[in-house]
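Visitor: Let me begin by handing over the structure; questions about it come next.
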Amino acid sequence: MNIFVTGATGWVGSAVVAELLRAGHAVAGLARTDEKAAALAATGAQVVRGTLENLDGLRDAASIADAVIHTAFNHDFSKFAENAEQDQRVIAALADALEGSDRPLLVTSGLAGIARGATEADLPKSVSPRKSEQAAQAARERGVRVATVRLAPSVHGAGDYGFVPILVRTARQHGVSAYIGAGDNCWSGVHRSDAARVYRLALEQGVTETAYHAVADESVTFKSIAEVIGRRLGLPVESRDRDHFGWFAIMAGGDMSVSSERTRKLLGWTPTGPSLLADIDQPAYYAG
């Protein structure tokens, strides 16, 4: 297949590009700078220069692809609501290009608002400004073959710059690796390479579902994450109130553990990467 990937140089998107290329697919990836374009070209992918603001360019690239994977999202949390609105516009533009065809679109989302223990059939509550799922549903109502890949809150691996590094920085700043309350709220996790395979397998098997769960460790207590970080940094591990985490409290106190049983069964997906706790116990997470 010829597959157009947004976010092709990002943490998840670059792993998806590598996975697709290894499997023999042709990839065109979105890149917004010369540096990122050069890095993408070096992988063997075709470069589509542009940004998420250039909706016409996104439509053009999607219109000549056999399938589209949307992993891009601006994670500037100071303007998260604006970025969520942009994400909706991008998904709608990609749907414009695919409407009236049977060519699939995979949209990326997280687990915020998904009930604890939820399956792929469960829908999120509207607790987050991010509306990727709602945009995917709107595209589906237009007849577009679209599914959401729900990523675990920790997509971990060497080079991770996501939520676990935020926890490491917060622990260093305050001199304590903290959790909220009893710390029994749960996260889930997936290694970056395992997450990438979910996208590939979903495309290759025809995108038959409305949602897939890229979740390897289904339920990891937040306290156990804090304990690994505290041990690695030589800091006490203690309960703190939500204010300790500032804007990140909604994530630190979130219960984001779900089932991925259906995804595993349908795709024949067996995660092979290290577990969340084993991975964040590596020195790379604490270097610098």
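Visitor: Filter the range 164-203 for residues that are under 15 Å from the mean Cα position of the chain (by Cα) and either β-branched (V, I, T) or modelled with pLDDT under 95 (or both); which is nearest to D66 (Cα to Cα)?
Guide: V198
Visitor: Specify the residue that is surrounded by the most Cβ atoms within 10 Å (Cβ to Cβ); the eligible residues are those in the range 95-124 that are at positive phi and in contact (Cβ under 8 Å) with a residue 40 or more places away in the chain.
Guide: Among those residues, the one meeting the criterion is G117.
Visitor: Return yes or no: is A92 surrounded by fewer than 22 Cβ atoms within 10 Å (Cβ to Cβ) and modelled with pLDDT of 90 or more?
Guide: The answer is yes for A92.
Visitor: So which of R169, R200 ends up being among the basic types (K, R) and in the same structural domain as A115 (by TED's automatic domain parsing)?
Guide: The conditions single out R200.
Visitor: Restricted to the range 63-82, and to residues that are closer than 22 Å to P153 by Cβ and without any contact (Cβ under 8 Å) to a residue 40 or more places away in the chain, which residue is surrounded by the fewest Cβ atoms within 10 Å (Cβ to Cβ)?
Guide: My answer is S78.
Visitor: Which helices (runs of 4 or more DSSP H) does the range 145-243 wholly contain that include 2 or more residues that are over 28 Å from H25 (Cα atoms)?
Guide: Qualifying helices (runs of 4 or more DSSP H): 163-174, 222-233.
Visitor: Taking helices (runs of 4 or more DSSP H) that fall entirely within the range 1-102, which contain at least 1 residues that are among the polar types (S, T, N, Q), more than 16 Å from V144 (Cα to Cα) and touching an Asp or Glu at 6+ places or on another chain (Cβ under 8 Å)?
Guide: 80-98
Visitor: Can you work out which of the residues in the range 181-228 that are among the small types (G, A, S) and in contact with an Asp or Glu (Cβ under 8 Å, 6 or more places away or on another chain) is farthest from H244 (Cα to Cα)?
Guide: A202
Visitor: Filter the range 244-261 down to the residues that are under 19 Å from G162 (Cα atoms) and either in contact with a Lys or Arg (Cβ under 7 Å, 6 or more places away or on another chain) or outside any helix (DSSP H, G or I) (or both) and list them by number.
Guide: Correct list: A249, G253, G254, D255, M256, S257.
Visitor: Could you list, in sequence order, the residues of the range 258-274 that are surrounded by fewer than 18 Cβ atoms within 10 Å (Cβ to Cβ) and β-branched (V, I, T)?
Guide: T270, T272 - these are the residues of the range 258-274 that are surrounded by fewer than 18 Cβ atoms within 10 Å (Cβ to Cβ) and β-branched (V, I, T).
Table: residues versus (1) crowded, with 23+ Cβ neighbours inside 10 Å; (2) closer than 18 Å to L111 by Cβ; (3) outside the structural domain of H75 (by TED's automatic domain parsing).
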residue: E209; (1), (2), (3): no, yes, no
residue: I225; (1), (2), (3): yes, yes, yes
residue: G230; (1), (2), (3): no, no, yes
residue: L235; (1), (2), (3): no, no, yes
residue: E238; (1), (2), (3): no, no, yes
residue: D241; (1), (2), (3): no, no, yes
residue: H244; (1), (2), (3): no, no, yes
residue: A249; (1), (2), (3): no, yes, yes
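Visitor: Please find, within the range 204-253, the residue that is farthest from the chain's Cα centre (by Cα) out of those that are closer than 30 Å to R103 by Cβ and of a type in the set (S, T, Y).
Guide: T208
Visitor: Let me ask you something else. Within the range 155-183, count every residue that is under 30 Å from I91 (Cβ atoms), of a type outside the set (A, V, I, L, M) and surrounded by 24 or more Cβ atoms within 10 Å (Cβ to Cβ).
Guide: Residues meeting the conditions: 1.
Visitor: Residue check: is D255 surrounded by 14 or more Cβ atoms within 10 Å (Cβ to Cβ) and modelled with pLDDT under 95?
Guide: So D255 passes the test.
The values are calculated or read from the model by the stated rules, or taken from the named source; none is laboratory data. All figures in this text were calculated on a predicted structure; none of them were measured in a lab. Every residue, glycine among them, receives a Cβ derived from its backbone with ideal geometry; neighbour counts consider all protein chains shown.
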